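One structure is given here, and the rest of the page talks about it.
The values are calculated or read from the model by the stated rules, or taken from the named source; none is laboratory data. Computed from a predicted model, the values in this text were never measured in an experiment. Backbone-built Cβ (ideal geometry, glycine too); neighbour counts: all protein chains shown. Just the protein is used for accessible areas: all its heavy atoms, side chains included, with ligands, DNA and RNA removed. Shrake-Rupley method; radii C 1.70, N 1.55, O 1.52, S 1.80 Å.
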Amino acid sequence: MRELKKQRTRGALLRAALELFTTKGYEETTVDEIAEAVDVSQRTFFRHFTNKEETVFAVQHMVEARFVQALRERPADEAPFVAMRGAVLGAWEAMGQSIEEVVPVELHMRTYQMIESTPSLLAVHLRHSIEMEEEIAHLIAEREGLDVNSDPRPRVAVAAFSGVMRVTGRLWGAGEDLSVDSIRALTEEHLDRLGPALAENWRTP
């Protein structure tokens, strides 16, 4: 019962923080205001989160962990790009329900837009993205039996994949349909265009 109560308090703090950030602004919102919205003390907030920044990225980190786990579980005989494509699309299929267990999907999507428009948060997001790319490159190298420091292919493949993820994220965030189905469809469309875009001559005869 104690653990369940802790989970409920953490969830309530997270939802309150994201609502305040996306309506009032990240910089303008204080920890005291988040705690007050849930009727708990500032001390209780800091028992669950290190700082405001941690609440912003909590759901995103959950999504990333789901993707990495899905990638680890892909069939060993799949090519690297096929494995990454299957992992991200499969993770998005299950992600809607997983996100809803923490915060409403619509709130998660608004948070993504807020990150993109808040310089301090965008800087953190980009730094973390670089760290994630390195983790995934090592995972791909491990799958292929390669040394990531002597063979550039894992990092090149992950860089191309991550570039598509960033493009689709920006397009999705700027659109009107902020559903999980929307970003999954957009991701699938752009990933399917990557190979031809790199291999084909775009000019018509």
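When the criteria are applied in full, residue 153 fails the requirement of being more than 22 Å from residue 52 (Cβ to Cβ), over 13 Å from the mean Cα position of the chain (by Cα), at pLDDT 85 or above and surrounded by 15 or more Cβ atoms within 10 Å (Cβ to Cβ).
Take region 32-41 and flag every residue that is open to solvent by less than 90 Å² (accessible area, probe 1.4 Å) and of a type in the set (D, E, K, R). If you could, list the steps in order and put the result at the bottom.
To start, the set of residues in region 32-41 that are open to solvent by less than 90 Å² (accessible area, probe 1.4 Å) comprises 32-35, 37-38, 40-41.
Those that are open to solvent by less than 90 Å² (accessible area, probe 1.4 Å) and of a type in the set (D, E, K, R): 32, 33.
Between 9, 29, which is modelled with pLDDT under 95, surrounded by 13 or more Cβ atoms within 10 Å (Cβ to Cβ) and either of a type in the set (S, T, N, Q) or touching a Leu at 6+ places or on another chain (Cβ under 6 Å) (or both)? Just a single option satisfies the conditions, and that option is 9. Would you say residue 136 is β-branched (Val, Ile, Thr), touching a helix residue (DSSP H, G or I) at 6+ places or on another chain (Cβ under 7 Å) and at pLDDT 90 or above? Yes.
Every residue in region 172-193 that is among the hydrophobic types (A, V, I, L, M, F, W, C) and either out of contact with any helix residue (DSSP H, G or I) (no Cβ under 6 Å at 6 or more places or on another chain) or assigned to a loop (DSSP other than H, G, I, E, B) (or both), please. Selection gives 174, 178, 185. Tally the residues that are hydroxyl-bearing (Ser, Thr, Tyr), farther than 20 Å from residue 117 by Cα and outside any loop (DSSP other than H, G, I, E, B), restricting the search to region 8-42. So the count comes out to 1. Condition check: among the β-branched types (Val, Ile, Thr), within 21 Å of residue 129 (Cβ to Cβ) and outside any helix (DSSP H, G or I). Does residue 111 satisfy that? Criteria not met by residue 111. Pairs linking a residue in region 102-130 that is free of Cβ contacts under 8 Å to residues at least 24 places away in the same chain to a residue that is of a type in the set (A, V, I, L, M) and buried (at least 19 other Cβ atoms within 10 Å of the Cβ), with Cβ atoms under 9 Å and 6 or more positions apart or on different chains, are 122/115. Within this structure, residue 44 fails the test of being of a type in the set (Val, Ile, Thr) and open to solvent by 60 Å² or more (accessible area, probe 1.4 Å). Of the residues making up region 194-205, those that are open to solvent by 60 Å² or more (accessible area, probe 1.4 Å) and either closer than 15 Å to residue 175 by Cβ or part of a helix (DSSP H, G or I) (or both) are 198, 199.
For region 51-67, does any single residue satisfy the condition of being open to solvent by less than 20 Å² (accessible area, probe 1.4 Å) and not in a helix (DSSP H, G or I)? Checking region 51-67: not a single residue is open to solvent by less than 20 Å² (accessible area, probe 1.4 Å) and not in a helix (DSSP H, G or I).
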